[in-house]
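Presented below is the structure to which this report refers.
What follows draws every value from the coordinates through simple rules; no lab data is involved. Only a predicted model underlies this, so the values are computations on that prediction, with no experimental measurement involved. FYI the Cβ positions are ideal-geometry reconstructions off the backbone, even for glycines, and counts take in every protein chain you see.
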Amino acid sequence: MVFLCSDRTLDAAILEPRGAVFKPIPARPAAIRPMPQAPIRFVTGWVRSVRTARRILGELQESSPAGNPVVVSMGGYVAAPVMRAAHRLGLQSLLVNLDRVPGKANRVMARWSRHAVSAVEVDPAHCPASLRNLEVTGMPIRRDAVSTEPPAVCRQQFGLEPERPTLLVTGASQGAGSLNDLLVLMCRTSWSAEVLKKWQVLHLCGPSRTGALEAAYRTAGIQARVIEFCDCMGDAWGTATIALSRAGASSVAEAAANAIPTVFAPYPWHRDEHQRFNAQPLVDFGGGWCLKDHIDAAANLKGIGRCLIDLMTSPEGIHRAGEALRRNPKTDAAGRIAAICGEMAERKGP
């Protein structure tokens, strides 16, 4: 198995410790906010990425015993040029859609993929015909994204008190600036800070934000551990009594798999805010809450902040949400996707 990833240092930091074989390509995301040079950078990166992916896939095709490798896309800006290259080479390809409302990259890749499945039921009102009526596999997540230890053990791994209720704040691998700003304001606001003092916080803040957050928690007298990134998310989820998180597909799946009641704040820079659809199933059966991220910390304090504090002061509400999540059926999604890849690899031709 070979992973094609971006050339960010973060990708290597995740893959290298696991002994994975990986090859970076110079893919760049399309800019969400307008910037003068963004279109030129995107087009240049796209051409280079397709060329690099085509070379790598060609080498893999030549070295494959059957000469018929299967290219699997989990979506995102890195996957798009890889799937384009696979299409040009006539290779078997599988698109795994992770979102209830497929993003732009997946909508485009659906034209190039030989086969597609979806981790979740898609919203037919918000997706093309090519991504409707797909087999639903469930959400594949890494084994180490699910906690196997009691909360007390996980908390001690992060230097936290073993029996103290814990709020996990995570903006996924890159952090979430608006959520970081919200927590700083909550530390400076008396009614929220008083509640936070009775808890402790594990805050995954993303690059270059630890100093300001550590200072805010320390000044307010709130016990907290602030880190940029956690490679083993199972341990982080294992600390949590409740969580504040973005609503990307993987984050929602990890919250569900670990049965952690979570307040979701969907990524606000997407025009259609499609992350909210990912969180909705957990909200519907009582395991989570989904609130709009207004980006402005003062506005978020009234919405997301108030919701967090109400939950932190309601042990009964936390218990009910946790029970709802524990009743949620689990599936072997990764196993099913691997089986589909095996079936595709056994086919004689592309």
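What the table below lists for this structure:
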item: Whole-angstrom Cα spans of segment 144-326 along principal axes, big to small; result: 38, 37, 31
item: Interchain or long-range residues, amide H under 5 Å from LEU4's placed H; result: LYS23
item: Reported label for calculated Cα extents along the principal axes in Å given (i) 64, 47, 41; (ii) 81, 55, 53; (iii) 76, 44, 36; result: (i)
item: Amide proton proximity set for ALA224, modelled H, under 5 Å, gap of 5+; result: VAL201
item: Helical segments meeting 27 Å axial Cα length and Kyte-Doolittle -1.0 threshold in the chain (DSSP H); result: 38-63
item: Among TRP191, ALA119, VAL101 the positive-end extreme of the charge dipole of the chain (Cβ point charges); result: VAL101
item: Lys, Arg +1 and Asp, Glu -1 on Cβ, resulting dipole of segment 213-350 about Cα centre, debye, nearest 20; result: 200 debye
item: Per-residue HN-Hα couplings for segment 230-243 [Karplus 6.51, -1.76, 1.60; θ = phi - 60°; Hz; x = Gly/Pro]; result: 10, 6, 10, 5, x, 5, 5, 4, x, 6, 7, 8, 9, 9
item: Qualifying chymotrypsin sites (Phe, Trp or Tyr not before Pro) in segment 268-344, DSSP loop, other Cβ atoms within 10 Å at most 12; result: TRP269
item: Label-point separation, GLU121 to GLU228 (7 Å along Cα→Cβ), nm; result: 4.2 nm
item: Separation in nanometres of the label points that stand 7 Å from Cα toward Cβ, at ARG88 and VAL153; result: 5.0 nm
item: Theoretical FRET efficiency, 1/(1+(r/R0)^6), r = Cβ-Cβ of ALA345 and GLU273, R0 35 Å, to 0.05; result: 0.40
item: Stretchable slack from ILE40 to GLN280, in nm (0.36 nm times residue separation minus alpha-carbon distance); result: 82.7 nm
item: Longest to shortest principal axis, alpha-carbon extents of segment 100-200, angstrom; result: 52, 33, 21
item: Residue-span extension gain [PHE3 to GLU323] - 0.36 nm each, minus C-alpha spacing; result: 111.5 nm
item: For segment 130-142, Karplus couplings with θ = phi - 60° (6.51, -1.76, 1.60), whole Hz, Gly/Pro x; result: 5, 10, 9, 6, 8, 4, 9, 8, x, 8, x, 9, 5
item: Longest DSSP-loop-exposure-free segment, trypsin sites (Lys or Arg not before Pro), the chain, at most 14 other Cβ within 10 Å; result: 9-110
